[in-house]
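Trainee: This is the structure I have questions about; it appears just below.
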Amino acid sequence: MTMKPQSPSYWQLSTPPFAGGERGRVEGECDVAVIGGGFTGLSAALELARGGASVMLLEAGRIASAASGRNGGQCNAGTAHDFGALASAHGLDLARKWYLAHVDAVETVGRIAAREGIDCDFARCGRAKLAAKPEHFPNLEAAYALLTKEVDPNVLLVGPGELSSEINAQGFHGALVQTTSAQLHPGKLALGLGEAAVRAGARIWENAPVEAMERTPAQGWKLTTPRGMVRARQVLVATGGNSPYPPFGWFRRRIVTVGSFVIATEPLSNNLSQHLFPTRRNYVTSRIVGNYFRLTADNRLIFGGRARFALSNPASDAKSGRVLEARMREMFPQLAQIGIAACWGGAIDLTADRLPRAGEHDGLFYAMGYSGHGVQMATAMGERMARVMGGDPAANPFADLSWPAIPGHLGKPWFLPMVGAWYRLQDWLH
Ligand SMILES: Cc1cc2nc3c(=O)[nH]c(=O)nc-3n(C[C@H](O)[C@H](O)[C@H](O)COP(=O)(O)OP(=O)(O)OC[C@H]3O[C@@H](n4cnc5c(N)ncnc54)[C@H](O)[C@@H]3O)c2cc1C
């Protein structure tokens, strides 16, 4: 099985290649094998190695070649699902615990980057959720009241009349700002995590997909790749939800993979970026099929969204890029002449309730399903799962969540076009 080609992201184009990988065959024994070199796997490998474990990380392609190198770089506090909806479904205590785990995850990313000297443009910029219709603003007011009362004092409400202090764009009607959210360069974070893990003693093999696994009571886990095999006492599955390889079918049936697409512009002038984005926040819109965007440290606009209900491949990315470009120029007519420097897509791993899943299944540890919030959560859950594997189960805030398979879902999301049509209808109606 070979990995499908993908258009490179702006982050991949602007990050030096990882040079710390093992060159020889995959062989040996270790305390922990980590499968997958995205944020989850790299952060876990770093923490495990810092704790004294012998660690081997096996990555199917290059490190951060999947979602971790292809995202929007928004490192937002707060759950993927609305806090009010979570509290209604699970009660206030659990909703608070999960929300605060997301807030803490942003801290974790900042702490690891500072401790390891990772220069990844980490900046506490805050996140603004923009009301895309006048009737969405009362929802933001209600969310503001609930959040400030129950869980997060670090939110601000910006009325329609004051919005130009936050952003100068067409078609928005107020904002809810979460001020502790951050942004970063995901390529540089992943590279820095990989280098730090190697410094701490972990060994990393790229182009080493795990194609088969077996476990014996005497010898523990045996993981087979085309470059050889390793034995490990414990295994962490950090593959995201759509690993196409045979051993990961149980996870594929529990996660729906949705394509998301991104464009990066050429740098904007200082004057223009200051005028359009005076507070330089992360932005998301309140539509279900909405957009997310932010500036980079060198003033490029990173503009993403679902664009089309399709999976990512170079042709699909290009089509989606044209949809995003048109939307961006409509939102910001001042960007009519700005060039597009890169266009790419990736797979977001969604759980049915948009809460991550982490724990142990059939003797395999795992963490995934961050539902579009993995820049912070994958990095934090990698560190937390290292502690769980070292004997501290309380480090996993999602341990008690059940995880049934999604009915009718065998691993390929055949139902996406219908879901897409339903979401677009909801956006049109509400
Ligand atoms: C377009 C896009 C935009 C996004 N924007 C944001 C955002 O702004 N903010 C945010 O918080 N989140 C965002 N996300 C989500 C976030 O990027 C992910 O949740 C996070 O990167 C997941 O990290 P991970 O390590 O769990 O998985 P991945 O990054 O997917 O890494 C898994 C790795 O496992 C490897 N692998 C798979 N199978 C095997 C195998 N059999 N053997 C060995 N290796 C294997 C893969 O090659 C891959 O490198 C976005 C995602 C996309 C796609």
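Readers should treat all values here as calculations from the given coordinates under stated rules, not as data from a laboratory. Just so you know, these numbers come straight off a predicted model, no measurement behind them. As a convention, Cβ positions derive from the backbone with ideal geometry for all residues, glycine included, and neighbour counts pool all protein chains shown.
Trainee: What is the extension gain from residue 212 to residue 227, computed as 0.36 nm multiplied by their sequence separation minus the C-alpha to C-alpha distance, in nm to one decimal?
Mentor: Separation in residues times 0.36 nm, less the Cα-Cα distance, equals 4.2 nm.
Trainee: Follow-up question, since we're still on this one. Explain nothing, just the number: relative contact order of region 326-379, from Cα pairs under 8 Å at least 6 residues apart, as a whole percent.
Mentor: 25 percent.
Trainee: Let me ask another. What value, in deg cm²/dmol to 500, does the helix sum -39500 (n - 2.57) over DSSP H runs of n ≥ 4 give at 222 nm once divided by the residues of the chain?
Mentor: -10000 deg cm²/dmol
Trainee: What dipole magnitude, in Debye to the nearest 20, does region 29-122 give about its Cα centre under +1 on Lys/Arg Cβ and -1 on Asp/Glu Cβ?
Mentor: Dipole about the Cα centre, nearest 20: 120 debye.
Trainee: OK, next. What percentages make up the Cα-Cα pair-distance distribution of region 45-113 when the bins are 10 Å wide from 0?
Mentor: Percent of pairs per bin, in order: 17, 29, 34, 18, 1.
Trainee: Given the peptides 196-202, 140-146, arrange them by the average over their residues of other C-beta atoms within 10 Å, most packed first.
Mentor: Peptide ranking by packing, descending: 196-202, 140-146.
Trainee: Calculate how steeply helix 92-116 sits against the longest principal axis of the alpha-carbon atoms of the chain, using the helix alpha-carbon long axis, and give the answer as 0 to 90 degrees to the nearest 10.
Mentor: Approximately 70 degrees, to the nearest ten.
Trainee: Taking θ as phi - 60°, what are the ³J(HN,Hα) couplings along region 16-32 by the Karplus curve (6.51, -1.76, 1.60), each to the nearest whole Hz, with x for Gly and Pro?
Mentor: x, x, 6, 10, x, x, 6, 8, x, 5, 7, 7, x, 10, 8, 5, 9
Trainee: A further question on this structure: Which angle from 0 to 90°, rounded to the nearest 10, does the C-alpha axis of helix 314-331 make with the longest principal axis of the chain?
Mentor: It is inclined by approximately 30 degrees.
Trainee: For region 5-95, I need the span (max minus min coordinate) of the C-alpha atoms along each principal axis, in Å, sorted largest to smallest.
Mentor: Cα extents, longest axis first: 53, 35, 21 Å.
Trainee: Which whole-number percent is the relative contact order of the chain (Cα, under 8 Å, 6+ apart)?
Mentor: About 24 percent, as a whole number.
Trainee: Further question: I'd like to compare 259-265, 358-364: which one has the highest average count of other Cβ atoms within 10 Å, and what's the full order after that?
Mentor: 259-265, 358-364
Trainee: Running Debye on the chain with equal point scatterers at the Cα sites and no solvent, what base-10 log of I(q)/I(0) appears at q = 0.10, 0.11, 0.14 Å⁻¹?
Mentor: So the normalised log intensities work out to -0.66, -0.81, -1.33.
Trainee: Quick one: length gained pulling residue 23 to residue 336 fully straight, 0.36 nm per residue minus the C-alpha distance?
Mentor: Answer, rounded to one decimal: 108.0 nm.
Trainee: Kindly rank 375-384, 281-290 from highest to lowest mean number of other beta carbons found within 10 Å of each residue.
Mentor: The peptides rank, most packed first, as 375-384, 281-290.
Trainee: Name the residue, out of 304, 37, 51, whose mean-square fluctuation peaks in a Gaussian network model built on the chain with Cα pairs under 10 Å.
Mentor: Residue with maximal mean-square fluctuation among 304, 37, 51: 51.
Trainee: Which of the residue pairs 97/222; 97/319; 97/129; 149/188; 97/133; 133/188 have a Cα-Cα distance greater than 29 Å in the structure shown?
Mentor: Table pairs above 29 Å Cα-Cα are 97/222; 97/319; 149/188; 97/133; 133/188.
Trainee: Another question about this same structure. Answer rounded, prolate or oblate for region 30-80, using the Cα gyration tensor with square roots of eigenvalues a ≥ b ≥ c: rounded when a/c is under 1.5, else prolate when a/b is larger than b/c, else oblate.
Mentor: Oblate, because a/c is 1.5 or more while a/b does not exceed b/c.
Trainee: Here is a further query. Between residue 135 and residue 279, how many nm apart are label points set 7 Å from Cα along the C-beta direction?
Mentor: About 2.6 nm separates the two model spin labels.
Trainee: Whole-Å semi-axes of region 25-179's equivalent ellipsoid, largest first, each the root of 5 times a Cα gyration tensor eigenvalue?
Mentor: 37, 18, 14
Trainee: Antiparallel versus total DSSP beta bridges in the chain: what percent is that, nearest 5?
Mentor: Roughly 70 percent of the DSSP beta bridges within the chain come out antiparallel.
Trainee: Turning to a different aspect of this structure: Of all alpha-carbon pairs in region 146-199, indicate the percentage at a distance above 14 angstrom.
Mentor: Of all Cα-Cα pairs in region 146-199, 68 percent lie more than 14 Å apart.
Trainee: Using just the alpha carbons, could you tell me how many Å³ per residue the convex hull of region 275-409 encloses?
Mentor: 163
Trainee: Still on this structure, I have one more. What fraction, in whole percent, of alpha-carbon pairs in region 170-227 exceed 16 Å separation?
Mentor: 72
Trainee: Right, here's the next one. Against the longest alpha carbon principal axis of the chain, how many degrees, from 0 to 90 and to the nearest 10, is the axis of helix 39-50 turned?
Mentor: The answer is roughly 50 degrees.
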